[in-house]
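Worksheet: one structure, shown below.
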Amino acid sequence: MTLAELLGLPLMVDVSTAARALGLSRSTGYELARRGEFPCRVLRVGSSYRVPTAELLHVLGINLSELSPRFPAA
């Protein structure tokens, strides 16, 4: 995924999208999520998994406060 695509993600994404951002296959992403070994926090919402985009970006080494004044440091 490009930086622009990553910055355009919603607050939460599915495991498939997060896996793609990390360079993992969809099946590997879901397997890691099931085993509790996904590289960032995965939330179980009903029967699906969701990954907080902020945590995904952190794992990827993307610091939003350094990229743009739209994202001021907290």
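Among the residues of segment 1-18, write down those that are buried (at least 18 other Cβ atoms within 10 Å of the Cβ) and either in contact with a helix residue (DSSP H, G or I) (Cβ under 8 Å, 6 or more places away or on another chain) or among the aromatic types (Phe, Trp, Tyr) (or both).
13, 15, 18
Please determine, by comparing only the residues of segment 19-50 that are over 20 Å from residue 3 (Cα atoms) and aliphatic (A, V, I, L, M), which one is surrounded by the fewest Cβ atoms within 10 Å (Cβ to Cβ).
In this case the residue turns out to be 45.
How many residues does segment 19-43 hold that are of a type in the set (Lys, Arg) and either touching a helix residue (DSSP H, G or I) at 6+ places or on another chain (Cβ under 8 Å) or under 16 Å from residue 60 (Cα atoms) (or both)?
3
Quick check, is residue 46 more than 9 Å from the chain's Cα centre (by Cα) and more than 15 Å from residue 62 (Cα to Cα)?
Judged against the criteria, residue 46 is a match.
Would you say residue 53 is within 9 Å of the chain's Cα centre (by Cα), among the polar types (S, T, N, Q) and either modelled with pLDDT under 90 or surrounded by 12 or more Cβ atoms within 10 Å (Cβ to Cβ) (or both)?
Considered against the rule, which asks whether it is within 9 Å of the chain's Cα centre (by Cα), among the polar types (S, T, N, Q) and either modelled with pLDDT under 90 or surrounded by 12 or more Cβ atoms within 10 Å (Cβ to Cβ) (or both), residue 53 comes out as yes.
What pairs can you find where one residue is in segment 37-50 and closer than 10 Å to residue 15 by Cα, the other is of a type in the set (Asp, Glu) and outside any loop (DSSP other than H, G, I, E, B), and their Cβ atoms are less than 7 Å apart, with a gap of 6+ or different chains?
So the pair list comes out as 48/14; 49/14; 50/14.
The values are calculated or read from the model by the stated rules, or taken from the named source; none is laboratory data. Fair warning: this is a prediction, and the values are worked out from it, not measured in the lab. Every residue, glycine as well, gets a Cβ built from its backbone with ideal geometry; the counts of neighbours run over all protein chains shown.
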